Amino acid sequence: MERMYFIGVDTSGSQIRHLFPRWAQMLGVEAELVGLDIPLDAEPGAFRRALEELRQDPQARGALVTTHKVSVYRHAGASFSALDEWSELCGEVSCIAKRGDRLLGWAKDPITSWRAFVDIGGADYFSRHPASAVACLGAGGSGTAFSARLLQLDQPPARIVVTNRSAERLESLRQVHARLARDVPVEYQAVGSAEDNDAIVSSLPAHSLVVNATGLGKDRPGSPISNAARFPQAGIAWEFNYRGQLEFLAQARLQAREQDLRMEDGWRYFLYGWTSHIAEVFELEMDEQRFDALAAAAEPLRAGSG
């Protein structure tokens with residue numbers, strides 16, 4: 001039986017453990033999913049060893065990488081025979097496919113995160129709300145990918161603010177954005193506390209989007225904001241995670257009625273991500289009809305995704 005690896009921090013809690021066998025059957029793929037957990041503070045060699053294990057496994061077809069996308073690129077990028085343009089631009093790898101003895105890498109998040117947002121707000125959201133802004137809390141792999149995709153829109157948001165505790169990560173993101181050469185105001189804010197994020201979120205105009213791309217609420221407990229943050233009127237609070245405590249969404253829920261706030265978790269992002277990775281790894285077509293069938297098969301599991 002063939003294998004697809006799942007490289008993350010705590011892969012045992014993901015709903016993909018239950019979904020993958022069902023999806024594999026629907027897709028006519030004889031394969032199993034193998035979780036490979038790497039701690040958040042892992043040393044660089046851990047990522048090179050993970051890719052070597054994948055390369056040496058004769059049954060392995062590829063892998064999906066979550067949380068460690070930037071680290072895989074930074075510490076094990078030399079292991080790849082080729083990387084796609086998004087991977088090179090964003091400095092991350094989320095999808096790995098093995099073709100013979102070659103490892104190929106892609107960054108799928110710019111595509112899948114935008115597809116998920118289209119389901120939430122529509123492809124013309126920022127055309128309909130031209131004064132709106134985006135606050136992306138977190139400059140890791142997902143935050144980098146989504147913000148980079150926003151800069152490629154014909155009608156991007158009026159302003160983008162990205163926050164992170166690491167000034168180094170923000171500088172890396174600045175360099176990614178600079179290569180896109182778009183005339184969109186982007187602010188890079190180093191934050192030391194939830195209160196710093198509160199001030200940014202509370203200053204956003206109506207219809208703005210607030211994204212939790214920090215991993216807080218899933219990989220680590222907590223939220224990037226405190227209860228004092230004021231969400232934008234008629235805005236969107238989007239939690240990139242779909243499982244965990246999801247404190248960020250709980251905070252948004254307290255203001256939902258008063259602020260006319262829309263709240264979304266990362267379920268559709270999860271579905272788009274996994275289906276696109278599976279299609280790449282096993283060299284399958286993933287058209288809209290096939291995706292809809294896989295999404296429908298996944299829906300009964302959503303209630304238990306926390």
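The values are calculated or read from the model by the stated rules, or taken from the named source; none is laboratory data. Computed from a predicted model, the values in this text were never measured in an experiment. Note that each Cβ is placed from the backbone with ideal geometry, even for glycine, and that neighbours are counted across all protein chains shown. Just the protein is used for accessible areas: all its heavy atoms, side chains included, with ligands, DNA and RNA removed. Shrake-Rupley method; radii C 1.70, N 1.55, O 1.52, S 1.80 Å.
Taken over the range 135-163, the criterion of being part of a strand (DSSP E or B) and either of a type in the set (Ser, Thr, Tyr) or buried (at least 24 other Cβ atoms within 10 Å of the Cβ) (or both) is satisfied by 135, 136, 137, 162, 163. Restricting the range 69-89 to residues that are in contact with a strand residue (DSSP E or B) (Cβ under 6 Å, 6 or more places away or on another chain) and of a type outside the set (Gly, Ala, Ser), the residue that is least open to solvent (accessible area, probe 1.4 Å) is 72. Can you report the number of residues in the range 90-112 which are among the aliphatic types (A, V, I, L, M), open to solvent by less than 30 Å² (accessible area, probe 1.4 Å) and within 17 Å of the chain's Cα centre (by Cα)? Result for the range 90-112: 3. With respect to the stated conditions, residue 104 fails to be under 26 Å from residue 65 (Cβ atoms) and in a helix (DSSP H, G or I). Do we find a residue being in contact (Cβ under 8 Å) with a residue 60 or more places away in the chain and within 30 Å of residue 24 (Cα to Cα) anywhere in the range 260-267? Within the range 260-267, one or more residues are in contact (Cβ under 8 Å) with a residue 60 or more places away in the chain and within 30 Å of residue 24 (Cα to Cα).
Among the residues of the range 1-24, write down those that are under 16 Å from residue 281 (Cβ atoms) and open to solvent by 30 Å² or more (accessible area, probe 1.4 Å). Matches in the range 1-24: 1, 2, 3, 21.
The lone criterion from (1) assigned to a loop (DSSP other than H, G, I, E, B); (2) closer than 12 Å to residue 139 by Cβ; (3) at pLDDT below 95 left unmet by residue 182 is number (2). In the range 242-264, the qualifying residues are those that are touching a Phe, Trp or Tyr at 6+ places or on another chain (Cβ under 8 Å) and part of a loop (DSSP other than H, G, I, E, B), and the one that is nearest to residue 142 (Cα to Cα) is 242. Under the condition of being more than 18 Å from the chain's Cα centre (by Cα), open to solvent by less than 40 Å² (accessible area, probe 1.4 Å) and in contact (Cβ under 8 Å) with a residue 60 or more places away in the chain, the residues counted in the range 164-209 number 6.
For the range 217-228, how many residues are free of Cβ contacts under 8 Å to residues at least 40 places away in the same chain and either buried (at least 22 other Cβ atoms within 10 Å of the Cβ) or acidic (Asp, Glu) (or both)?
Our first condition is that a residue be free of Cβ contacts under 8 Å to residues at least 40 places away in the same chain; within the range 217-228, this holds for 217-218, 221-223, 226-228.
Retained after the next criterion (residues that are either buried (at least 22 other Cβ atoms within 10 Å of the Cβ) or acidic (Asp, Glu) (or both)): 217-218, 223.
Total meeting the criteria: 3.
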